[in-house]
Amino acid sequence: MTGAGDNTGDGRADLVGINDGSDDPCLGSFQFTDSGGLGAFTEIECGWGPYAAARKVAGMGDLDGDGNGDLVAVDTTNGRLRYWFGDGQGGYGRTFTWGSGFAGYELAS
Ligand SMILES: [Ca+2]
Ligand SMILES: [Ca+2]
């Protein structure tokens with residue numbers, strides 16, 4: 001799991017992780033509550049198997065300056081670095097893939 005900034009517009013950081021307990025791992029988030037607790041895991045998108053290895057996904061803050069938290073991940077199948085830009089509603093629709101040779105790197109957040 002990683003802290004991913006605020007991608008829901010509620011002013012509180014989101015906790016994002018991959019539920020890899022199934023054949024098709026899914027990215028999802030936990031939202032912090034007013035009292036500091038965590039809400040239920042909410043699936044965002046499945047098909048995240050290539051990114052489910054430890055330390056391959058990290059929240060990097062707001063990469064494109066739109067105010068929404070974004071994610072960076074290493075695709076373990078091809079070693080490419082991929083960005084997901086938060087849409088401000090809890091989803092990560094727009095992506096950008098860059099470079100190669102990152103398979104040996106772990107991401108720290
Ligand atoms: Ca939030
Ligand atoms: Ca952003």
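Considering segment 45-69, and only residues there that are within 11 Å of ligand 2 (Cβ to nearest atom) and within 20 Å of residue 103 (Cα to Cα), the residue that is surrounded by the most Cβ atoms within 10 Å (Cβ to Cβ) turns out to be 59.
Is it fair to say residue 78 is assigned to a loop (DSSP other than H, G, I, E, B), at pLDDT 90 or above and in contact with a Ser or Thr (Cβ under 8 Å, 6 or more places away or on another chain)? Yes: the conditions hold for residue 78.
Annotation: residue 58 fulfils all but one of (1) in contact (Cβ under 8 Å) with a residue 40 or more places away in the chain; (2) part of a loop (DSSP other than H, G, I, E, B); the unmet one is (2). The residue of segment 1-24 that is surrounded by the fewest Cβ atoms within 10 Å (Cβ to Cβ), among those that are in contact (Cβ under 8 Å) with a residue 12 or more places away in the chain, small (Gly, Ala, Ser) and within 14 Å of ligand 1 (Cβ to nearest atom), is 9. Scanning segment 1-48 for residues that are of a type in the set (Gly, Ala, Ser) and either closer than 21 Å to residue 85 by Cβ or within 10 Å of the chain's Cα centre (by Cα) (or both) gives 3, 4, 5, 9, 11, 13, 17, 28, 29, 47. Restricting segment 71-109 to residues that are under 21 Å from residue 29 (Cβ atoms) and small (Gly, Ala, Ser) leaves a set whose member that is surrounded by the fewest Cβ atoms within 10 Å (Cβ to Cβ) is 108. Out of 91, 28, 69, report the one residue that is within 18 Å of residue 13 (Cβ to Cβ), in a strand (DSSP E or B), within 16 Å of ligand 1 (Cβ to nearest atom) and not aliphatic (A, V, I, L, M). Among 91, 28, 69, only 28 is within 18 Å of residue 13 (Cβ to Cβ), in a strand (DSSP E or B), within 16 Å of ligand 1 (Cβ to nearest atom) and not aliphatic (A, V, I, L, M).
The values are calculated or read from the model by the stated rules, or taken from the named source; none is laboratory data. Computed from a predicted model, the values in this text were never measured in an experiment. Every residue, glycine among them, receives a Cβ derived from its backbone with ideal geometry; neighbour counts consider all protein chains shown.
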